[in-house]
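One structure is given here, and the rest of the page talks about it.
Every read-out reported here was derived from the displayed coordinates using simple, explicitly stated rules and does not represent laboratory data. This is a predicted model, so every value here is computed, not measured. Every residue, glycine among them, receives a Cβ derived from its backbone with ideal geometry; neighbour counts consider all protein chains shown.
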Amino acid sequence: MTLIVGLGNPGTKYKNNRHNVGFMVIDKLVDDHCASDISKNSFQGELFKSSNLLFLKPTTFMNLSGESVRVVSDYFKPNDIIVVHDDLDLPFGTVRFKRGGGHGGHNGLKSIDAHIGDDYLRVRIGIGKPKHKTDVANYVLDDFPKAQLENLKDIILHCSKAALALSQKELKEVSSTFSMKNNFEQDEL
């Protein structure tokens, strides 16, 4: 069994935020696989199952995502955990993969690392970064601009396929097949 976790913040206020791109990928996977909702309050998240795949959207808010991931992984004991998340260090539209490594200041990854360690696969989705480092919190909690929304559906579809491939194939193979460079125009910030 594989647990695929999308990072984001719960609630309609955050639905289209850059920080919620992980949730968007999970929503796509749940829809495409007609996954069944198996959520329980103790899971601290929305949990869906389809065949040997679990799809999790923690409802703890980003900074506490690890709590939900730990409870679900302790309960189901998945063979692998794949975390889908936004990445400020990659230009918008860039997709990269890795196992482990640093959290790069991402509070959701920090929380997961603190609860289960860093030995999990990652689908890193580039969201670009603001011009000024002091604007990071506002930037990740802003909605994707209209110009990027047009390309976002393709990116989400691509990343949902990549996450599924990671559940079946080696990281190196998935990385060579699904890594994507920014092919989209950057919005002006």
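Worth a mention:
- In this simple spin-label approximation, Lys172 and Lys146 carry label points 7 Å from Cα along the Cα→Cβ vector, and these lie 4.7 nm apart.
- Among Val136, Val123, Val30, the largest mean-square fluctuation in a Gaussian network model of the chain, built with springs joining Cα atoms closer than 10 Å, belongs to Val136.
- Amide H to amide H, with H built 1.01 Å from N, Val84 comes under 5 Å of Val5, Gly6, Leu7, Val123, counting only residues 5 or more places away or on other chains.
- Taking a straight line from the alpha carbon of Lys146, these lysines sit under 22 Å away, with near neighbours fewer than eight places off in the same chain left out: Lys13, Lys15, Lys28, Lys129, Lys131, Lys181.
- Length gained on full extension, Arg99 to Leu157, computed as 0.36 nm times the residue gap minus the Cα-Cα distance: 18.7 nm.
- Estimated dipole of the chain in Debye, rounded to 20 [Cβ of Lys and Arg +1, of Asp and Glu -1, Cα centre]: 220
- Anisotropy class assigned to segment 1-71 is oblate, per the alpha carbon gyration tensor with a/c at or over the 1.5 cut-off and a/b no larger than b/c.
- Selection from Val69, Asn182, Asn41 lying farthest towards where the dipole of the chain points positive, charges on Cβ: Val69
- Förster radius 35 Å - calculated FRET efficiency between Asp80 and Ala137, Cβ distance, rounded to 0.05: 0.65
- Calculated [222 nm] ellipticity per residue, helices only, for the chain: -11000 deg cm²/dmol; basis is -39500 (n - 2.57) per DSSP H run with n ≥ 4, divided by all residues, nearest 500.
- Along the chain, longest interval not containing exposed GluC sites (Glu not before Pro), exposed being DSSP loop plus at most 14 other Cβ atoms within 10 Å: 1-169
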